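These notes concern the structure reproduced below.
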Amino acid sequence: MCYGCWDTYGSPKLQTPDVLKAAKLIGEVYEHSAVGGNAHIVLDDWNLEKHHIDWCLSEAGNFHEAGPEQLKAEKDCLQALQAMSLRKRASALALHEGLIGARA
């Protein structure tokens, strides 16, 4: 977990439907790879700016030799994050990592 990273982004606690969906998609990536696979620099390192997400989608390739299911999970997750504001991206990762709790 990266409390300091979340704090850097202002510790947002947004729990909109798109944030909840992105948190679920982040979890699906981690079901395939403990280090975030080809989305590592975004998910594990908290590089949430759009250019990092764009790079993972277009340039990262398949460095972690992922299978088709993992590649789909990574792509779906990154595309969901790409469509969100920076505060929502940070909220989704914080929710996934348990820094904030999901509303019932």
> What size of dipole, in debye to the nearest 20, comes out for the chain about its Cα centre when the only charges are +1 on Lys and Arg C-beta atoms and -1 on Asp and Glu C-beta atoms?
Replying inline: 540
> Where does the charge balance sit around C56 when Lys and Arg score +1, Asp and Glu -1, over other residues with C-beta under 13 Å from its C-beta?
Replying inline: -4
> Under the Kirkwood approximation applied to all pairs of distinct alpha-carbon atoms, what is the hydrodynamic radius of the stretch 1-87 in Å?
Replying inline: 13.0
>> Given a 10 angstrom Cα cut-off, can you work out which residue in E74, E28, E65 is the most mobile in a GNM of the chain?
In response: E65
>> Please give me, ordered by residue number, the trypsin sites (Lys or Arg not before Pro) of the chain that lie in loop per DSSP and have at most 16 other Cβ atoms within 10 Å.
In response: K13, R103
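Read-outs: derived from the displayed coordinates by stated rules, not from any lab. As the structure is a computational prediction, the values presented were derived from the model and not from experiment. As a convention, Cβ positions derive from the backbone with ideal geometry for all residues, glycine included, and neighbour counts pool all protein chains shown.
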